[in-house]
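To start, the structure itself, in structure tokens.
The values are calculated or read from the model by the stated rules, or taken from the named source; none is laboratory data. Quick caveat: nothing in here was measured; it's all calculated off a predicted structure. In this analysis, Cβ positions are derived from the backbone assuming ideal geometry, glycine residues included, and neighbour counts consider all displayed protein chains. Keep in mind that these areas ignore ligands, DNA and RNA; they rest on the heavy atoms of the full protein, side chains included. Shrake-Rupley method; radii C 1.70, N 1.55, O 1.52, S 1.80 Å.
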Amino acid sequence: MKVNQAKRTKNGKWQFDKQETLVRPLVLVFGDRFLLEASGIYEEVRSMYADGELVFGSTSGEIMDTQVLEETITLTAIEFEKTNYSIVSSNVADYANIEEMGKAISATFDKEGLRHLFIVSDGSFVNGSGLIEGLESDTSFNSSITGGLCGDGARFEKTLASYNRAPKQGEVVAIGFYGKTLEVSYANYGGWTSFGPERTITKSIGNVLFEIDGKPALDLYKTYLGEKANELPKAALLYPLSVQEFEDQEPLVRTILNIDEDANSMILAGDVPMNSKVQLMMSTMDDIASGACNAAEQAMERRIKDPELAILVSCVGRKLVLAGRVEEEIEEVKDVIGEQAAITGFYSYGEMAPFAGKNACQLHNQTMTLTLMSE
């Protein structure tokens, strides 16, 4: 595996770590939404990788090595020695619902030999839980899935993604990896703690939460936030929800992506099933950094070979809590996975990965999620 990396600042100059000639590389381009919207950015990257397969995603911060960048575009070009890959993209506007879209994407892939699916998805229109449900709905699908929902800083205005075209809204890109020599491991960990009374979701539809304990969910949430309620939805990133559907099931963390004042409801990144138990959550800088370390240790536990590539997807809420110490969680990861791995990734509106030791994917919020690859 050969990996080249570069970053582009607002002045339009690219800085490369090295520039090797790569054959049909997979080129992951993560960047600030405004820069990805700029006219000609797709053509600019295409001119550097004429035979590359280009995947774009907007972010709430770009990750390269141990740096967390803002208002940049990062580029990671990967030439695989023994691994084949196939890419499918679709737009949510072309389907009746997100589950149907996920099912259609999954059906496009040859399931025989499919080792792993990595997803770069729009983070504004896409219910990540529904997307995963659709992807895994085919009984012949048994590969692992990781990835993330694209970000837009803490603005929550719109997100962009694309495959071999200019980035646009509503896109979901799936990268399928094939090859017996490919080793993929993954893990996620949060570091958030539940607090306050445990309540019950009494009205919800998909990822829209209407009532908790029979009361309007938005009103109740605003009561907890106090003065910070004026800063919604950004303020919600500091106080996500713990959602547990069944008593013997691990709780999922859900971030609030937007609010609907007229309906007195909250739109979350993933499903919030009726009758689930729900609590507020909070965290500290040290807990979040420790969570990243735990995720890296879990991802490395059963590996045979040291990773050559690490794709990190971390939540924008973690970035807001860490503030000036945000690079600490990336440094914690690198200390565990080693110097040999090229690190790329982005801060997101949602992270996709199975729980440790399991294969079924889940939509997470407020976690550090790692996908480690080697040949």
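So how many residues does the stretch 256-275 have that are in a loop (DSSP other than H, G, I, E, B) and in contact (Cβ under 8 Å) with a residue 12 or more places away in the chain?
So the count comes out to 10.
Any idea how many residues of the stretch 76-110 are farther than 27 Å from Met64 by Cα and either open to solvent by 40 Å² or more (accessible area, probe 1.4 Å) or without any contact (Cβ under 8 Å) to a residue 24 or more places away in the chain (or both)?
11
Quick one: how many residues across the stretch 48-75 are open to solvent by 60 Å² or more (accessible area, probe 1.4 Å) and part of a strand (DSSP E or B)?
The qualifying residues number 1.
Which residues, taken from the stretch 236-251, are open to solvent by less than 30 Å² (accessible area, probe 1.4 Å) and either touching a Phe, Trp or Tyr at 6+ places or on another chain (Cβ under 9 Å) or at pLDDT 85 or above (or both)?
Answer for the stretch 236-251, where residues must be open to solvent by less than 30 Å² (accessible area, probe 1.4 Å) and either touching a Phe, Trp or Tyr at 6+ places or on another chain (Cβ under 9 Å) or at pLDDT 85 or above (or both): Ala236, Pro240, Leu241, Ser242, Val243.
Could you say whether any residue in the stretch 334-343 is modelled with pLDDT of 95 or more, open to solvent by less than 10 Å² (accessible area, probe 1.4 Å) and outside any strand (DSSP E or B)?
Scanning the stretch 334-343, I find at least one residue that is modelled with pLDDT of 95 or more, open to solvent by less than 10 Å² (accessible area, probe 1.4 Å) and outside any strand (DSSP E or B), so the answer is yes.
I'd like to check something: does the stretch 230-251 contain any residue that is without any contact (Cβ under 8 Å) to a residue 12 or more places away in the chain and either in contact with a strand residue (DSSP E or B) (Cβ under 6 Å, 6 or more places away or on another chain) or closer than 22 Å to Val126 by Cβ (or both)?
The answer is no, given that none of the residues of the stretch 230-251 is without any contact (Cβ under 8 Å) to a residue 12 or more places away in the chain and either in contact with a strand residue (DSSP E or B) (Cβ under 6 Å, 6 or more places away or on another chain) or closer than 22 Å to Val126 by Cβ (or both).
Looking only at the stretch 311-319, decide whether some residue is closer than 13 Å to Ile63 by Cα, open to solvent by less than 10 Å² (accessible area, probe 1.4 Å) and among the charged types (D, E, K, R).
Within the stretch 311-319, none of the residues are closer than 13 Å to Ile63 by Cα, open to solvent by less than 10 Å² (accessible area, probe 1.4 Å) and among the charged types (D, E, K, R).
Enumerate the pairs (first residue in the stretch 138-163 and free of Cβ contacts under 8 Å to residues at least 40 places away in the same chain; second residue anywhere and part of a loop (DSSP other than H, G, I, E, B)) with beta-carbon separation below 7 Å, excluding pairs fewer than 6 apart on the same chain, so at least 6 apart or on different chains.
If the second residue must be part of a loop (DSSP other than H, G, I, E, B), the pairs left are Ser140/Lys111; Phe141/Lys111.
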